[in-house]
Amino acid sequence: MTASGNLPGPGLPVQWDAECRSRVLEMLVASEPLLDILETLLQGLEKQRSGALCSLMLLDAQGTFFERVIAPSLPAFYSAALTGMAIGPGLGSCGTAAYTGERVVVEDIASHPYWANYKALAAQAGLAACWSQPVLSATGRVLGTFAIYYREQRAPDTEDLVLIQQCAALACIAIEKDAEARKLRDSEARYRTLVEFSPDPVLVHRMGTILYANPAAVRTFGARDASELIGTGTQTLIHPDYRSQQLSRMQAIVGGMTIQPMTESRFLRLDGTAFDVEVQGTSIQYQGQDAIHVVLRDITERKAAEAALHDSQERFRSLVEFLPMGIIVHQDRLVVYANPAAASTLGAAAAQDLMGLSIVDLTHADYRGGTLERLRLREETGIDPPPVEIKLLKLDGSVIDVQMHATLIQYAGAPAVQASFTDITERKLARDTLQLSANVFSHVREGIVITDADTRIVDANKAFTTITGYARQEVLGQQAHIFQQGPHSEGYYESLWRDLGTQGHWSGEVWSTRKSGEPYAEMVTISAVTDAQGTVRNYVVLLVDITPMKNYQKRLEDLAHFDALTHLPNRLLLADRLRQAISQTQRRAQTLAVVFLDLDGFKAVNDHHGHGVGDELLIALSQRMKGALRDGDTLARIGGDEFVAVLVDLQQADDAQPVLERLLQAAADPVTVGDALIQVSASMGIAVYPRDGTHVDLLLRRADQSMYLAKQAGRNRYQFFNAGSESGA
């Protein structure tokens, strides 16, 4: 039966063995083993209650069966039989008490239904009565049961019930204290394991006395082992110049500031040598008491590298100061350094006069746009463009021609652009009045062809042969190709002869063909050479192979209009193509669809496999999805895992569905990247022109809204724009 009688209040005296109680409390304070404490408790009660046989049964972590039985006076076979026994209603006194969380008193085991399955076991052990009290934690969770057995039928009195309740409470204190101690030991063990293998030195001290040092600290401070550091004062390891710094940081932590941020300091090894560190202090619990956890990072090598870099920069500055070429360094478009040659070229009394000036303001207005574009592309791509000829403004406003080359550098620890330039004003003037010079003719990089007044070649230099592939002997007496009929632009000859007749020179870009049949681009300058009477005697043709520059320009155009990873059109080119498609669709009275596509599960691919695998997946899927489109359709990547497709030549919106199904399938089919088989899917939103909008931005926005609805509906699907859901989307 289950007892439910009234227990005495706090004022009712209950006999409890003072010696036993004191012994148990002493063992708790001393953190003696849990088993010893519980056995002492059980034996103390058995001593006080004649004939009592006590047990304490502890539940497993899930609270489903008895994991451990402590019963010093019960037969060993009986304790063994109860170990592992499940709890539940009607499963003995202890099994029922553990299950219900209430005391269970059985006065006669032989006749009680709770003991139906255990009568024989109890009889073998000579047990006739069992009173079981659940051991409850502070939160009410059942930890086990405390039970008293008798070898004769017996009912408890009020004092018995109070004692069993008090014993259960004392057992709970011991069990929970042991659990907390285990958690603390496990926590400190994990901490020690992490710290032991840390590459950074770690010290733990309490009020300046070192309690712990990891192997990295032992090595860094030059100790034989940790014992040389433990017990010593931290002040002896700190350089005198920094002791006040570290003392104030320690006082701040002791005063309640949990953590002191990383800062630079200087410490001492045991042999007295100093080394630079970054140090951080944190308040922790160590061995049950407040302590300070200190992490050091040796930055001696970094400091030495910084000093070496500073020396290198100073040497570089010394060299640059004496260069005849102008050198300017600018950050955020503002001049932060100029050498004397730059100051002289730009008409400044001293280099200091150029500091803080805008590089844009020093550039002639006709060249500012190109300068800004080159700066932007350099910053975005990291590619240094080839040298360029531009016009600069001197401080007095006069104009000079320079050849400039710029490159990205680090200056004073920050990104900067170094521009080197040479004044070519006189060279350009000399080019306009070009005189034959054997030395120049033989060594210039430009191809030079000299013709007679009838445009037949009388000489050609080595550079001409290099550019065109024709040997000098092959072209002598032939009409120069620049004057020949060929695939030139409309008005080419008219412009050429007009300028030669009125100005005496002509220049322009021309596409020609090398001897090998390879096309190439050249910058051509033709000057008429006249005699004293003004009669043309010769034409001098300068040829510069600008094919690399043209290729570079094409590369820049690709970077501006195509995604660097997938080579699909980017957002800028998409907008242009979509505008063209809208115009075409309007003229043809047709329909087009804008499909906003977002990959499902792509972030998980990056997180699990890394961004390299993610990039390979994007490349593979972009080609697969592009193949799912028709001729005339466009697929663009607008960022991350977002794509936009433009489907043209539709008579009605439903005509897009076969393409949409192919896109879903293309995105959902597995992709093998390295050793990984990866599968994602796509959510797509569709806006239809002109039904859902007639402008690029509106169509893209509504397709984007519909894509989010597709994701909310379960992903791996497409959703046409519905005007009724716009506000909700």
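The values are calculated or read from the model by the stated rules, or taken from the named source; none is laboratory data. Every value quoted in this text rests on a predicted model; they were computed, and no experiment measured them. Every residue, glycine among them, receives a Cβ derived from its backbone with ideal geometry; neighbour counts consider all protein chains shown.
Miscellaneous remarks
- Residue among ASP454, ASP384, ASP432 that alone is modelled with pLDDT of 85 or more, surrounded by fewer than 16 Cβ atoms within 10 Å (Cβ to Cβ) and of a type in the set (Asp, Glu): ASP454
- Qualifying residue in segment 595-602 (condition: within 26 Å of GLU373 (Cβ to Cβ), outside any helix (DSSP H, G or I) and of a type in the set (Phe, Trp, Tyr)): no
- Subset of segment 19-59 [part of a loop (DSSP other than H, G, I, E, B), of a type outside the set (Gly, Ala, Ser) and either surrounded by 14 or more Cβ atoms within 10 Å (Cβ to Cβ) or not assigned by TED's automatic domain parsing to the domain that holds ALA174 (or both)]: GLU32, ARG49
- Residues in segment 116-140 that are crowded, with 20+ Cβ neighbours inside 10 Å and in contact with a strand residue (DSSP E or B) (Cβ under 7 Å, 6 or more places away or on another chain): LEU127, ALA129, CYS130, TRP131, SER132, GLN133, PRO134, VAL135.
Yes/no matrix, rows are residues, columns are (1) under 22 Å from ARG587 (Cα atoms); (2) not aliphatic (A, V, I, L, M):
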{"residue": "LEU647", "(1), (2)": "yes, no"}
{"residue": "GLN652", "(1), (2)": "yes, yes"}
{"residue": "ALA656", "(1), (2)": "yes, no"}
{"residue": "VAL671", "(1), (2)": "no, no"}
{"residue": "ASP675", "(1), (2)": "no, yes"}
{"residue": "MET684", "(1), (2)": "no, no"}
{"residue": "HIS695", "(1), (2)": "yes, yes"}
{"residue": "MET707", "(1), (2)": "no, no"}
{"residue": "GLY714", "(1), (2)": "no, yes"}
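- First in segment 536-556 and surrounded by 14 or more Cβ atoms within 10 Å (Cβ to Cβ), second anywhere and among the polar types (S, T, N, Q), Cβ under 6 Å, 6 or more apart: VAL536/THR530; TYR539/THR451; VAL540/SER527; LEU542/THR525
- Apart from one condition, GLN485 fits all of (1) more than 14 Å from LEU543 (Cβ to Cβ); (2) surrounded by 12 or more Cβ atoms within 10 Å (Cβ to Cβ); (3) modelled with pLDDT under 85; the exception is (2).
- Qualifying residue in segment 650-661 (condition: over 28 Å from the mean Cα position of the chain (by Cα), part of a helix (DSSP H, G or I) and either buried (at least 20 other Cβ atoms within 10 Å of the Cβ) or not assigned by TED's automatic domain parsing to the domain that holds LEU568 (or both)): yes
- Long-range neighbours under 9 Å by Cβ, at least six apart or interchain, first residue over 22 Å from VAL595 (Cα atoms) within segment 655-675, second basic (Lys, Arg) and surrounded by fewer than 18 Cβ atoms within 10 Å (Cβ to Cβ): VAL671/ARG624
- The condition (being under 21 Å from LEU34 (Cα atoms), assigned to a loop (DSSP other than H, G, I, E, B) and without any contact (Cβ under 8 Å) to a residue 60 or more places away in the chain) is satisfied by just one residue among PRO72, PRO89: PRO72.
- Test: residue in segment 343-351 that is touching a residue at least 40 places away in the same chain (Cβ under 8 Å), touching a strand residue (DSSP E or B) at 6+ places or on another chain (Cβ under 8 Å) and assigned to a helix (DSSP H, G or I): yes
- Some residue of segment 81-100 being in the same structural domain as ILE148 (by TED's automatic domain parsing), surrounded by 18 or more Cβ atoms within 10 Å (Cβ to Cβ) and within 16 Å of ARG151 (Cβ to Cβ): yes
- Restricting attention to segment 231-257, the residues that are free of Cβ contacts under 8 Å to residues at least 60 places away in the same chain and assigned to a helix (DSSP H, G or I) add up to 18.
- The listed residue being closer than 26 Å to GLU557 by Cα, polar (S, T, N, Q) and over 33 Å from the mean Cα position of the chain (by Cα), out of THR363, THR381: THR363
- Residues satisfying the stated conditions in segment 92-119, i.e. among the charged types (D, E, K, R) and part of a helix (DSSP H, G or I): LYS119
- Only a single item in (1) out of contact with any His (no Cβ under 7 Å at 6 or more places or on another chain); (2) modelled with pLDDT of 85 or more; (3) not assigned by TED's automatic domain parsing to the domain that holds THR234 is not met by HIS293, and it is number (3).
- Selection status of ALA120, touching a Pro at 6+ places or on another chain (Cβ under 7 Å), free of Cβ contacts under 8 Å to residues at least 60 places away in the same chain and in the same structural domain as ILE70 (by TED's automatic domain parsing): no
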